[in-house]
């Protein structure tokens, strides 16, 4: 039972981590608090659903189409909507408020478009819903895929961020954007790239989640909030932090559900999150330095 | 100055009286509109009471709103109505003090997310309690009074909130809040007890919000966590206050009234494209009116006055330097 | 040759720089002297394109117009700025700050060599190369900032109040290092309050007052100029 | 008469790093004392502990014989300690006058309304900001912001004034005005404790100086003697000033 | 200071002016009767949009379309009046739905108001329907208190039964299977912590106990739970042959998938809302044998024709529980208007007492409640058929134990 709970928790945490990593890039590096993040995911989920049901494409293959799509869409959103706000904001606080308000609007727009196209129905298809046995515990292959993807993306990006000049420039923008031009970094381009990369990760998360979770045009907010919690827990802009915080949350939920009461899983999530915030306001792993 | 003050007050009193008599002249739907308006003006003004000067953006509005509603649902058959309201205010106050004490260390986005998490936590705990202890989830509120009475109560609360807000703005407490909003370190070194000041305002704001929830609850007959802990309430409140300008007495009201009417108009005329239009409007507002409606109005006024004001402005620094 | 001609800069209504013209020849060291708020920092920031100058202002490097370039392109042209407050990447290590310094393409060749030069100039940085910069003292951070600027292989190095907030022993060390940099052939444009020390390593100096250049001369002449002495080298010791 | 400020074995640790290590010294009423030392030697940390911005990890601070270490900053302020900050901290969204009223309304005087405004004007006049009360504090020039910060500190009528590099960044003319201002304050009976790198100012103002290096006190005595101390020269001043 | 107080003054005028404009601009005006106005407020956005989008909105659209195609609503004199539809989005907010209904009643002065989606929202607007004299054909609300509500609001009609009805039927059905030796006497149970889940699980505890079942696992999970592996794994370790979950659609889908992954195949698998969605079971072999609330009689031709039309018009099939009842309730309204005209009191009376021919077959309310419902259904060969009450005509025979999961 313990092993089953442990593995189930890790697998669930993989989903949370996958969802949160894009947001941590967008908020930590591009400094956009993107409330429409979940809507990006849901859009990707719908795209996967359409490609799967209309064209019969395999959702894994969908990733190859949808992830670049998420990148381009987010790239355009940053260039058109966020850039003017970044330019005009005097300080981080002003940008935070502006980006909250603007992406709140964007959330409604995307949601509205999805509602018009798809209606308010529950969408569900299942893919790779086959058991895989790990150390005696059966987990769904699609959820395992989320965990593997989260680990792969998390570790790869972490290595790129810390071991390459390219990654170091991105971190430089995260920690001191005003100084970045002094070493020839185009802050706008870097931030736009980070935002777009975050969008690509959101799209990847959306596709994977659509394989096993029922979704509607309006369910994006749930993902945004979960992702926000993981991001703050892990430390803003910190990829490994998001990965660890996601896994921890998954374990907490599973253990509470198994050993305490499934009715308290979400209460436990928020309780732990709030306690952690009070104990370490900067998050488990501090700020954006890695 | 005092003349103007007296004039301002009598004008406000007249407006209040007109609003109080409105239900006799308009239909039930308009009363419903007025309830919504009074509710959101109060919510956003109460929100701005704390969050405006301190710049602590709170998303816990619905936590207190819901607590108010739930208290009424739980007690309406046990206690007389005024006591029910009093109990709601007490519960709100207690929770606000606990939360306030524990969140004083947090700032910026951490406070934002904390308060959001708090609202969800309260919702989960209420749900869990109802499911496991009382064994029911929905509760019924059958009250003997109608929407007019709800409206009058809200209107009175709204007037009280604005009056309190006006008083605080002119008081030492108001200045303390502005200083805290600018720089907490300086505030402490000026001798301000930051913790107590923030706590007092947070509690006051929370109690008002709790009362809004308590007063509005009988309108829905049936209460369940999904209905009263709807996070939209927190977001709307925040956006109305920010839109109007959270640092000014009438700012939140000026954000709440047009936005509320806009929502109403949009949902009536474009039910299918409501979200899209609303979203686009939002984005447009952020781009066209940075700093809120009131700031925009003020800037427009300042612009038209510039011609006369200029002469004065130029002289001031000159005299200062001459004396140096 | 870095030529600044007719540079105007407005902050809103306020005119911060008024037809400022300054030139620096390759390898030269020039000091800008002036009171707080006279526009010294604004001048450096305009050259670095961190603030947009008014239309019509001319900033040319070897005949190329810089005004059309965005801020991040300036360092590639060979002009590096050490801003007031240092502007280092505090959460990153010394090594990473230097790595970022060599980010512009012009700095990529000989990167290793230049790193060795920087470590030679500031041996303390080598000892602490894996330390996060914000855990270091102000003087050491200033070294990181200068080292980072040097990593970009600049022809012109601009420094904004490099001695601000440093202990006297650090100031001495700092100007010794700047003197070595000067001698290696990098042109220096320094804005300083510490007039005596800065003029001691400079070739020429400009006086700026309320956004206007009000005087220019060789460093030696300025050190002996009575008006300069009165305004900047005031003998405050009298009281003590 | 006992000392105004007594500092005993004051220690501050940040994680593994000991920023201030067992520092003790006294300041008598009416003195102007300089606190010198290389960057990172712990000077500002000492100031921060006196004003209550940072809690001490060990040791004690007494003001007028009463223990103030462990108290919150606002309580220490009300007992008559005022300060300025290394990086000037004005209240940008308030008017110049309200910046000063801030200190009057909540300090030990607790003035409000007319009385506070009158007092504020006096303080502004004292630092040369007369007639500027209605301007936005954020619009002031750097030097005027420094003045305003000082006016705010003065408004509290502190028995102990802490200045953290208040003279840094001033040009010689401004420096002279600044030094005169501090000297006047001292003449009027205020005790001043200042962290400063401007040697001319230290020499001009401070009868006594305390020097720190690497978190420890390395010298304490008449300024002239202290500046000639070989240890101080080596750690702080460098050979040029010897 | 002067300008500041003038500014304040101006603000007061501005806000007061804004209110007055709306109040005046919104005042109603009468008009000649050329149409019949039908209004409704329903959750097109927000948390309830998913449920409303399945059960309520498509059926309103279908019915409106049908009426328009028929040339309007027929009146007792045989004449037909076209309908004019006013719809609002309540944005899943109780305050909005209340105000929208007030608006429909007093502002738009519609002739009839169709109810919103959801138990809570139907209760929120019930006092208004009653106050303004509109009949309320509350479909998407499951409540045991229906008899009380009918007393309180005589024009309210409760069409989907109460929790006890469903759980009693289930308990009876399970008891028969137990007595026949198909299953053992133990039940594992989970429920969503929301009005629906709690109402049903509370009723189920009583029903199961009365029927002599032992509940070996009984847990409640919060709305929004996405991972059901702990619940399914725990239930799998019990020796219960029956797994019952009073779940919402996302949970229902997730529970099904998790059961497959965990190779948990209880002899009886009974899940909540969502099993009756076409997407759950049509062309999905793995749905075979799964049970839930609702169902249809496969031999009811008018019902099957309705399903076909629904799919053609809205692009999606109706669910097997509330949809058909929603449509039937509209047919009842239509028929009542045809019989007695637009007088709302008379229509209400007719709804209470009349017998109607609908897609459900012959339909008659008892004490303002629809009692001829399929309490339990089961997927059999790609159709979700009603299996309880057994005695009702068109009932299918329940097939237990449930088939094994098939590899996908």
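The values are calculated or read from the model by the stated rules, or taken from the named source; none is laboratory data. Since the structure is predicted, the reported quantities are computational estimates derived from the model, not experimental observations. Cβ coordinates were reconstructed from backbone atoms using ideal geometry, including for glycine residues, and neighbour counts include every protein chain displayed.
Of the strands (runs of 3 or more DSSP E) lying entirely inside segment C:9-128, those carrying at least 3 residues that are buried (at least 16 other Cβ atoms within 10 Å of the Cβ) and in contact with a strand residue (DSSP E or B) (Cβ under 9 Å, 6 or more places away or on another chain) are C:14-24, C:29-34, C:79-82.
Taking the criterion of being part of a strand (DSSP E or B), within 20 Å of the chain's Cα centre (by Cα) and either exposed (fewer than 15 other Cβ atoms within 10 Å of the Cβ) or in contact (Cβ under 8 Å) with a residue 24 or more places away in the chain (or both), would at least one residue in segment E:389-401 satisfy it?
Within segment E:389-401, the first condition is being part of a strand (DSSP E or B), and the residues that meet it are none.
No, every residue in segment E:389-401 fails to be part of a strand (DSSP E or B), within 20 Å of the chain's Cα centre (by Cα) and either exposed (fewer than 15 other Cβ atoms within 10 Å of the Cβ) or in contact (Cβ under 8 Å) with a residue 24 or more places away in the chain (or both).
The set of residues from segment B:92-127 being part of a helix (DSSP H, G or I), at the interface with chain A (Cβ under 9 Å from one of its Cβ atoms) and surrounded by fewer than 18 Cβ atoms within 10 Å (Cβ to Cβ) comprises B:102, B:108, B:125.
Assessment of segment A:109-122 against the conditions (more than 14 Å from chain B (Cβ to nearest Cβ), under 22 Å from the mean Cα position of the chain (by Cα) and more than 21 Å from residue A:201 (Cα to Cα)) yields at least one matching residue. Note on segment A:164-255: enclosed helices (runs of 4 or more DSSP H) holding 2 or more residues that are within 30 Å of residue A:117 (Cα to Cα) are A:187-210, A:220-234.
Can you find a residue that is in a strand (DSSP E or B), within 14 Å of chain C (Cβ to nearest Cβ), touching a residue at least 40 places away in the same chain (Cβ under 8 Å) and buried (at least 21 other Cβ atoms within 10 Å of the Cβ) anywhere in segment D:36-54? It would help to see each step written out before you state the result.
Looking only at segment D:36-54, we keep the residues that are in a strand (DSSP E or B), and these are D:36.
Remaining after also requiring within 14 Å of chain C (Cβ to nearest Cβ): D:36.
Restricting the remaining residues to those that are touching a residue at least 40 places away in the same chain (Cβ under 8 Å) gives D:36.
Of the ones still in play, those that are also buried (at least 21 other Cβ atoms within 10 Å of the Cβ) are D:36.
Yes - at least one qualifying residue is present in segment D:36-54.
Kindly indicate the residue of segment A:1-16 that is touching a strand residue (DSSP E or B) at 6+ places or on another chain (Cβ under 7 Å) and crowded, with 21+ Cβ neighbours inside 10 Å and also nearest to the other protein chains (Cβ to nearest Cβ) among those meeting that condition. Here the residue is A:8. The set of residues in segment E:237-258 being touching a helix residue (DSSP H, G or I) at 6+ places or on another chain (Cβ under 8 Å) and either assigned to a loop (DSSP other than H, G, I, E, B) or surrounded by fewer than 24 Cβ atoms within 10 Å (Cβ to Cβ) (or both) consists of E:247, E:248.
Does residue B:131 satisfy the criteria of being at the interface with chain A (Cβ under 9 Å from one of its Cβ atoms), in contact with a strand residue (DSSP E or B) (Cβ under 8 Å, 6 or more places away or on another chain) and over 19 Å from residue B:46 (Cα atoms)? Yes; evaluated as a whole, the condition is true for this residue.
For segment D:168-194, the set of residues classified as crowded, with 22+ Cβ neighbours inside 10 Å and within 12 Å of the chain's Cα centre (by Cα) consists of D:182, D:191, D:192, D:193, D:194, listed by residue number. Of the residues making up segment D:70-89, those that are touching a helix residue (DSSP H, G or I) at 6+ places or on another chain (Cβ under 7 Å) and more than 8 Å from chain B (Cβ to nearest Cβ) are D:76, D:81, D:84, D:86, D:88. Taking segment E:312-333 as the region of interest, how many residues are within 14 Å of chain A (Cβ to nearest Cβ) and farther than 22 Å from residue E:292 by Cα? Count: 3. If you go through segment D:111-146 and keep only what is within 19 Å of residue D:158 (Cα to Cα), within 10 Å of chain B (Cβ to nearest Cβ) and out of contact with any helix residue (DSSP H, G or I) (no Cβ under 8 Å at 6 or more places or on another chain), you end up with just D:125.
Going through (1) crowded, with 19+ Cβ neighbours inside 10 Å; (2) modelled with pLDDT under 95; (3) more than 20 Å from residue D:74 (Cα to Cα) one by one, residue B:191 falls short only on (3).
Checked across segment A:79-100, the condition of being buried (at least 20 other Cβ atoms within 10 Å of the Cβ) and touching a strand residue (DSSP E or B) at 6+ places or on another chain (Cβ under 6 Å) holds for no residue.
Can you pull out the residues in segment E:372-388 that are in a loop (DSSP other than H, G, I, E, B) and either at pLDDT below 90 or out of contact with any strand residue (DSSP E or B) (no Cβ under 9 Å at 6 or more places or on another chain) (or both)?
We begin by selecting, within segment E:372-388, every residue in a loop (DSSP other than H, G, I, E, B); these are E:372-375, E:381-382.
Across segment E:372-388, the qualifying residues are E:372, E:381, E:382.
Flag: residue D:61 matches the condition of being assigned to a strand (DSSP E or B), without any contact (Cβ under 8 Å) to a residue 60 or more places away in the chain, touching a helix residue (DSSP H, G or I) at 6+ places or on another chain (Cβ under 7 Å) and crowded, with 17+ Cβ neighbours inside 10 Å. Of all residues in segment D:209-232, those satisfying the criterion of being assigned to a helix (DSSP H, G or I), within 13 Å of another protein chain (Cβ to nearest Cβ), modelled with pLDDT under 90 and surrounded by 18 or more Cβ atoms within 10 Å (Cβ to Cβ) are D:227, D:232.
Might you let me know whether segment C:187-205 holds any residue that is surrounded by fewer than 17 Cβ atoms within 10 Å (Cβ to Cβ) and either under 26 Å from residue D:165 (Cβ atoms) or away from chain D (no Cβ under 14 Å) (or both)? Within segment C:187-205 (the criterion being surrounded by fewer than 17 Cβ atoms within 10 Å (Cβ to Cβ) and either under 26 Å from residue D:165 (Cβ atoms) or away from chain D (no Cβ under 14 Å) (or both)), the answer is yes, since at least one residue qualifies. Taking the listed residues C:77, C:111, C:140, C:95, the one that is touching a residue at least 12 places away in the same chain (Cβ under 8 Å) and within 14 Å of chain D (Cβ to nearest Cβ) is C:140, with no other qualifying.
Taken over segment A:226-261, the criterion of being facing another protein chain (nearest Cβ under 8 Å), under 19 Å from residue B:122 (Cα atoms) and either touching a residue at least 60 places away in the same chain (Cβ under 8 Å) or crowded, with 24+ Cβ neighbours inside 10 Å (or both) is satisfied by A:228, A:229, A:253, A:257. Looking only at residues in segment A:186-207 that are closer than 24 Å to residue C:95 by Cβ and surrounded by fewer than 24 Cβ atoms within 10 Å (Cβ to Cβ), the one that is farthest from the other protein chains (Cβ to nearest Cβ) is A:193. Residues in segment D:21-30: is at least one modelled with pLDDT of 90 or more, within 14 Å of chain C (Cβ to nearest Cβ), surrounded by fewer than 24 Cβ atoms within 10 Å (Cβ to Cβ) and not in a strand (DSSP E or B)? Taking every residue of segment D:21-30 in turn, none turns out to be modelled with pLDDT of 90 or more, within 14 Å of chain C (Cβ to nearest Cβ), surrounded by fewer than 24 Cβ atoms within 10 Å (Cβ to Cβ) and not in a strand (DSSP E or B). With respect to residue E:359, is the statement that it is modelled with pLDDT under 95, in contact with a helix residue (DSSP H, G or I) (Cβ under 9 Å, 6 or more places away or on another chain) and assigned by TED's automatic domain parsing to the domain that holds residue E:270 true? Here the answer is no, as residue E:359 does not meet what is asked. Out of the strands (runs of 3 or more DSSP E) lying entirely within segment E:81-195, which hold 1 or more residues that are at pLDDT below 95 and under 30 Å from residue A:262 (Cα atoms)? Hits in segment E:81-195: E:186-192. Of all residues in segment D:40-63, those being within 17 Å of residue D:218 (Cβ to Cβ) and modelled with pLDDT of 90 or more number 2.
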